[in-house]
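S.K.: Encoded as structure tokens, here's the structure I'll be asking about.
Values quoted throughout were computed directly from the atomic coordinates according to the rules given, and no laboratory measurement underlies them. Quick caveat, the model's predicted, so the values are computed rather than measured. Don't worry about glycine lacking a Cβ; one is built from the backbone with ideal geometry, like all the others, and counts go over all protein chains shown.
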């Protein structure tokens, strides 16, 4: 059957466990110090230490902007009046440029397809 341990055996076990805990705590402190040292080495680059720039590798630093962050969206804001080129409302002359051959058939003269302009453009002449 199971015998109860004596007081002396419990005291010895307790002392042994305290020694193990002390050793493990010391090891943990050493490992944490070493980890902090290695992390500091990893964070170093040519700007934060005396290392040459060639040791930085291929990682480029992120570009930083001198502008302050704004809540506005990029580009023209809502309600902004544009300032583009104003085209004349009534052109001086209209020139039609029709295709020499209908796109849908070979018989341009008798074709019943609707003939219309595909696009419009303005030519503005200025004197220098």
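S.K.: How would you rank 92, 13, going from fewest to most other Cβ atoms within 10 Å of each one's own Cβ?
M.R.: 92, 13
S.K.: Order 27-39, 69-81 from most to least packed using the mean count of other Cβ atoms within 10 Å.
M.R.: 27-39, 69-81
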